[in-house]
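I have placed the structure first, in the form of structure tokens, so that the comments after it can refer back to it.
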Amino acid sequence: MKKILLAAGGNAGLLRCIPLFTALGEQHRYEVAFAGSAPAQAGAGVEDLPALFGVADAYVAVETGSGSAVRQTVSAMTHFDQLLAQERPDFMMIAGDNDLALSAALCASSHGVAYAALDAGLRTGDRNSAVERNRRMIDAVADVLFVSEHSGLYNLVNEGVDEERIFFTGNLAIDSLAAMMPGANSSEVLSRLGLEEKRYALVLLCDPFLHDSLEDLKVLEHAVRAVAERQQVLMLLDSEVEALLQQHEMLPAFTSLDSVQVIPRTGYSELLRLVKDALFVMTDSSLAQAESTVMKVPCLTMRTSTVSPVTVERGSNMLVGDGEDILLQRIGDALDGKLASRTKIPEKWDGASSQRVIEVLDRLLLPNTRS
């Protein structure tokens, strides 16, 4: 029996690995080990995802400690080095783009263990971004590359990757979404917050670097005020963004508005319900771009690029940059319902990506086995 080690970097990696771990366990053709980011790294307001999905007993949390990114990477590499020596897997599968995911890839290469990169080929084109560099390095050494959208395939081919090693299997994170939606639909988060379906806008603020000046924060304030004049607004803040608002004494600019609620970011299940029932979403990161696309909820992303262009080309995502004029224009379109009909669910974003990945694994690792 072949042994596979799944390595998940951050919550993004977990949302891709967890459904695959569950599906592999149901096949009884593989022995599967599962490791990744420690739940404590997720931050306040975010669940322990392995526990939420019922796989915590099989999950090994990789502690990276504190200190610089280099120190944390070395700590993660040390842990993965020990884990590989202990588990001796025949194959690894790595998801995520943080330093822990990169550590797993480097250790796999050092131990001579072949690995697959999950959600491979995603690029923003910003080589100054640490996670962009991580994505490129993880993909460069991978033996097998699973892509979630056609842009991943095009990027990898342009980077010289042999097409025979690339497999278009869809977005594994949508498998997690499909598994969680029944529970999300029964959530009482709307009644708890006094919100009505399709009568509020959801503002997700996760990236403090996008709002690092008072001028940027004023643009955000004007945007939120424009929405609040016509609809309720729910703002979900990561702790670093909240600290930035407090530093610039801008938090009262939002909390003082009668139509605006400001709360810490919720857990994954409640976030899904809030996205599903929002009139539209406004975000400063990749958070909820895929989810809003599948749920056909308009999403305004305050950036000039996205790691997942299919959410713009076919989905509900719109890149509005960091300027005020276009942002206010698109807010007006969203409030008027002009964006609601433009979305289509991308190919193979159907909640069945795990099975397609396993079909490929069977051909590669178990060539004499017929599923």
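The values are calculated or read from the model by the stated rules, or taken from the named source; none is laboratory data. Just so it is clear, the structure is predicted and the values come from calculations on it, not from any experiment. Glycine also receives a Cβ, built like all others from the backbone with ideal geometry; neighbour counts cover every protein chain displayed. With ligands, DNA and RNA removed, areas are computed over all heavy atoms of the protein, side chains included. Shrake-Rupley method; radii C 1.70, N 1.55, O 1.52, S 1.80 Å.
Keeping every protein chain present and rolling a 1.4 Å probe, give me the accessible area per residue for the chain in Å². Please list the in-between numbers first.
On the way: 16170 Å² over 371 residues.
With the other protein chains kept in place, the chain gives 44 Å² per residue.
Restricting the count to DSSP beta bridges whose residues both fall in segment 1-106, what percent are antiparallel, rounded to a multiple of 5?
On the way: 0 of 16 bridges.
Close to 0 percent.
If you add up the charges near S109, with Lys and Arg at +1 and Asp and Glu at -1, over every other residue whose beta carbon is less than 13 angstrom from its beta carbon, what do you get? Intermediate values should be presented prior to the final figure.
On the way: positive: none; negative: D81, D139, D143.
Cβ neighbours under 13 Å give a net charge of -3.
Under the 0.36 nm per residue contour assumption, what length would be gained going from the current alpha-carbon distance of S259 and I326 to full extension?
21.8 nm
Among L49, T255, A179, whose Cα lies farthest out toward the positive end of the dipole of the chain, if unit charges sit on the beta carbon of Lys, Arg (+1) and Asp, Glu (-1)?
A179
Given a Förster distance of 56 Å, report the FRET efficiency between L364 and F209 from their Cβ-Cβ distance, rounded to the nearest 0.05.
0.90
So for the chain, taking the charge dipole from beta-carbon charges (+1 Lys/Arg, -1 Asp/Glu), which of V310, I345, I331 sits furthest toward the positive end?
My answer, from the dipole projection, is I345.
Computed FRET efficiency, Cβ-Cβ of K344 and Q86, R0 41 Å: what is it to the nearest 0.05?
0.35
If I stretch the segment between Q246 and D126 completely, what's the gain in nm (0.36 nm per residue apart, minus their alpha carbon distance), one decimal?
Result for the pair: 40.3 nm of gain on full extension.
Quote the relative contact order of the chain in percent (integer), defining contacts as alpha-carbon pairs under 8 Å separated by 6+ residues.
Working: 701 pairs, mean separation 56.3, N = 371.
It comes to 15 percent, rounded to a whole number.
Straight-line reach only, C-alpha to C-alpha below 23 angstrom: list the lysines that K218 could link to, leaving out same-chain residues fewer than 8 apart.
The reachable lysines, counting only those whose Cα sits under 23 Å from K218, number zero.
Considering only protein heavy atoms and a 1.4 Å probe, what is the carbon-and-sulfur percentage of the accessible area of the chain?
48 percent
Go through L217, L244, S269 and say which Cα lies farthest out towards the positive end of the charge dipole of segment 195-329; charges sit on Cβ, +1 for Lys and Arg, -1 for Asp and Glu.
S269
For segment 272-371, what is the convex hull volume of its Cα atoms per residue in Å³?
108 Å³
What distance in nm separates the simple spin-label points at K296 and Y154, each placed 7 Å from Cα in the Cβ direction?
2.6 nm
Placing +1 at every Lys and Arg Cβ and -1 at every Asp and Glu Cβ, with all other atoms neutral, what dipole size does segment 281-346 have around its Cα centre, in debye to the nearest 20? List each step's numbers first, then the result.
On the way: 7 positive and 8 negative charges, 73 e Å.
Dipole about the Cα centre, nearest 20: 360 debye.
So what does the Cα-only Debye profile of the chain read at q = 0.07, 0.08, 0.10, 0.13 Å⁻¹, as log10 I(q)/I(0), no solvent term?
The Debye formula, applied to the Cα set alone, gives -0.31, -0.40, -0.63, -1.05.
With an 8 Å cut-off on Cα pairs and a minimum separation of 6 or more residues, tell me the relative contact order of segment 138-259 in percent.
This gives 21 percent for segment 138-259.
Taking the chain as the reference, fit the longest principal axis to its C-alpha atoms, fit the long axis of helix 214-228 to the helix C-alpha atoms, and give the angle between the two in degrees, 0 to 90, nearest 10.
70 degrees
Could you tell me which of the pairs K198/K348; K198/K344; K198/K338; K3/K348 are separated by over 21 angstrom between their Cα atoms in the structure shown? Present the calculation step by step, with values, prior to reporting the outcome.
Numbers: K198/K348 27 Å; K198/K344 19 Å; K198/K338 14 Å; K3/K348 27 Å.
Correct reply: K198/K348; K3/K348.
Go ahead and set up a Gaussian network model of the chain, Cα springs under 10 Å, then flag whichever of V233, V281, V60 fluctuates most.
Among V233, V281, V60, the largest GNM mean-square fluctuation belongs to V60.
If you build a Gaussian network model of the chain, linking Cα atoms that sit under 10 Å apart, which residue out of H211, H79, H28 swings the most?
Among H211, H79, H28, the largest GNM mean-square fluctuation belongs to H28.
Name the most mobile residue of L190, L156, L24, meaning the one with the largest mean-square fluctuation, in a Gaussian network model of the chain with Cα contacts below 10 Å.
Checking each option, the largest mean-square fluctuation is seen for L190.
For helix 324-335, report the angle its Cα long axis makes with the longest principal axis of the Cα atoms of the chain; keep it between 0 and 90° and round to the nearest 10°.
That helix lies at roughly 90 degrees to the long axis.
Roughly what would the spin-label model give for D48 and V74, points 7 Å off Cα along C-beta, in nm?
3.0 nm
What 222 nm value per residue comes from the helices of the chain, counting each DSSP H run with n ≥ 4 as -39,500 (n - 2.57) and dividing by all residues, nearest 500 deg cm²/dmol?
Per the formula, -13500 deg cm²/dmol.
Note down the magnitude of the dipole of the chain about its Cα centre, charges +1 on Lys and Arg C-beta and -1 on Asp and Glu C-beta and zero elsewhere, to the nearest 20 debye.
The dipole magnitude comes to about 800 debye.
Express the relative contact order of segment 11-102 as a whole percentage, based on alpha carbon pairs under 8 Å and six or more residues apart in sequence.
Details: 81 pairs, mean separation 29.8, N = 92.
Normalised by residue count, the contact order of segment 11-102 is 32 percent.
May I ask what percent, to the nearest 5, of DSSP beta bridges between residues of the chain are antiparallel?
Antiparallel bridges: around 0 percent, rounded to the nearest 5.
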